[in-house]
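Accompanying notes for the structure given below.
Read-outs: derived from the displayed coordinates by stated rules, not from any lab. Bear in mind that the values here come from a model prediction, so they are computed numbers and not experimental data. Neighbour counts run over all protein chains shown; Cβ positions are idealised from the backbone, glycine included.
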Amino acid sequence: MIKMRFDAPEEERRIGIEVYVSDSDGIGGRIKASPKDFVIEEILEDGTILARDGKNLLSKFKDENGKYTLILVEKINIDTLIMIMKIADKLSIPRNMIRYAGLKDKRAIAVQLLCVPVPAHKISERIDRISKVKIKEIVPSNYEIKTGKLYGNRFTVTISNVSLEEQLIKDRIKSIIEEINVYGCPNFFGHQRFGTVRPITHTIGKYLIKGDLERAIKTYLAKYFPCEQERVIFARKLAAEGKFKDASKAFPRKLVYERFICKILDRHPGDYRRAFKVFPKSLQKLFVHAYQAYVFNRTLSEMMKKGMHPREIEGITLIGDDKPSQISEISMKILEEDGISFEDFRRLKSLFPYIRVRCRVRKACFIPEKFRLVEVKKADDTFSAKVSFILRKDMYATVLLREIMKPSNLLEAGF
């Protein structure tokens, strides 16, 4: 019979993740100590792995008369959307003209494919020098990239600063790999969906669904966590007191949204709808989708706490504005606790037509492919462990890595 653990740290419980499917002790350590410790290689729908050391990977897609240009990039420690913004600026085209299959982690080395409607001969000379981005291949093609049009990603992850003996590290990882291969890994939405430093994205989404823009904005501005810088905490306290003019000056320049929102509320007191429009539409959607993810995570956790392991659960319906024929009683109870009804989702749709929250069934379990321990190496007074695995799209590497590490502090562990 499967033995599960229910000792997830408080930071994970806030986002609905409460259970480990593997009973073995973790190895601790840290991920992403350096971008080279987290390597992501995109896998196309036909199974082509865009390997870092690959050559002529796009030759089979080449068509001199193609209406698109495919760009194979390797980004290092840069957000996917920031990279796209830089490329768009170089090409003098709108950012939304650059297509990509999926977002990749910022603090990583990631190889992925982009698609632009610009002739290939006009590209190479204009984007040869972009900070933190290496252009690997450029070919004309009729192959079009769209969001979600990929098989998945291959991950090679180094877990550093592991304070255990070498053989114990190997034994624990191999034991966890065996457990995951037998029972599957719970398909939780990962930590980055909610924010690691400030896991509040889903809370803002909850208030947005309820039509309470004031609480949504005040949560974004004023909710602080001990791990934030003292200057930021001070600014958030000013915002909580309604001293928006002072708060706008106190927030660091990099917190652009906070500064703009405070300026608007100082000039237009109580106009939270105007303040909310500071957020780009993509971020507004993310808030609502994060709440949807939170309900899924809590539902899956509750099912597992009742003794069901992920492979026994066919799938869980993600709640949305089109009420499904079947929905888990657990999900309904969570909505009831939060004071949310399906009418709230429909009202949100009428207020913000571009925010669609569709119901769909998400798998409760995934089995990583080619999951293996690559090596364990001595590093000063500690060890590092390198693991490799393939995940299909819509699955989170951090959800698998938490099973291996079982971290007590997510921030210190690099999540």
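Relative to a virtual label point 7 Å from the Cα of residue 408 in the Cα→beta-carbon direction, which members of the stretch 129-165 show backbone nitrogen distances below 19 Å? Zone members listed by number: 160-165. Between the beta carbons of residue 380 and residue 76, assuming R0 = 25 Å, the FRET efficiency works out to 0.55 to the nearest 0.05. Note on the stretch 31-75: Cα convex hull, mean projected area over all directions, 4.2 nm².
Among 227, 115, the ranking by other beta carbons within 10 Å of each residue's beta carbon, starting with the fewest, stands as 227, 115. Please list log₁₀ I(q)/I(0) at q = 0.20, 0.25, 0.27 Å⁻¹ for the stretch 319-375, using the Debye equation with identical point scatterers on the alpha-carbon positions. Scattering profile of the stretch 319-375, log10 relative to I(0): -0.81, -1.09, -1.18. Taking the three principal axes of the alpha carbon atoms in the stretch 1-102, the coordinate ranges are 58, 29, 24 Å, sorted in descending order.
As a rough footprinting exposure proxy, the listed residues 415, 234 were ranked by other beta carbons within 10 Å of their own, and the order from fewest upward is 234, 415.
Rounded to two decimals, the Cα-based Rg/Rh of the chain, with Kirkwood Rh, is 0.97. Taking other C-beta atoms within 10 Å as the exposure proxy, 158, 299, 147 rank 147, 158, 299 from fewest upward.
Segment residue 283..residue 260, full-extension length gain: 6.8 nm, with 0.36 nm per residue of separation and the alpha-carbon distance subtracted. Over the stretch 285-365, the alpha carbon radius of gyration divided by the compact-protein estimate 2.2 N^0.38 Å works out to 1.10.
Subtracting the Cα-Cα distance of residue 62 and residue 3 from their residue separation scaled by 0.36 nm leaves 16.1 nm.
For the stretch 212-276, the square roots of the Cα gyration tensor eigenvalues, ordered a ≥ b ≥ c, give a/c of at least 1.5 with a/b greater than b/c, which places it in the prolate category.
To the nearest Å, what is the center-to-center distance of the stretch 28-60 and the stretch 193-262, using C-alpha atoms only? About 35 Å separates the Cα centre of the stretch 28-60 from the one of the stretch 193-262.
When the C-alpha to C-alpha distance is required to be over 28 Å, the pairs from 55/75; 75/393; 32/237 that qualify are 32/237. Taking one quarter of the surface of the convex hull spanned by the alpha-carbon atoms of the stretch 336-415 gives a direction-averaged projected area of 9.0 nm². Computed from Cα atoms alone, the Kirkwood hydrodynamic radius reported for the stretch 178-227 is 12.9 Å. Between residue 96 and residue 233, the simple label model (points 7 Å from Cα in the Cβ direction) yields a spacing of 4.1 nm. Check residue 107: other-chain or 5+ apart residues with amide H under 5 Å from its amide H, H built from backbone geometry? Under 5 Å from the amide H of residue 107 lies no amide H from a residue far enough along the sequence or on another chain.
Run a plain Debye calculation on the stretch 45-150 (Cα atoms as equal point scatterers, no solvent) and give log10 I(q)/I(0) at q = 0.14, 0.20, 0.21, 0.23 Å⁻¹, rounded to two decimals, same order as the q list. Summing over Cα pairs of the stretch 45-150 leads to -0.48, -1.07, -1.20, -1.49. Express in nm, to one decimal, how much length is gained between residue 243 and residue 144 on full extension, taking 0.36 nm for each residue of separation and deducting their alpha carbon distance. In short, 30.7 nm is gained.
Tell me, what is the FRET efficiency for residue 163 and residue 197 to the nearest 0.05, using R0 = 30 angstrom and their Cβ-Cβ distance as r? That gives a FRET efficiency of 0.75.
Between the C-alpha center of the stretch 109-130 and that of the stretch 365-408 there is a gap of 31 Å.
3J(HN,Hα) along the stretch 166-174: 4, 5, 5, 4, 4, 5, 5, 5, 5 Hz, from the Karplus curve 6.51 cos²θ - 1.76 cosθ + 1.60 with θ = phi - 60°, whole Hz, x for Gly and Pro.
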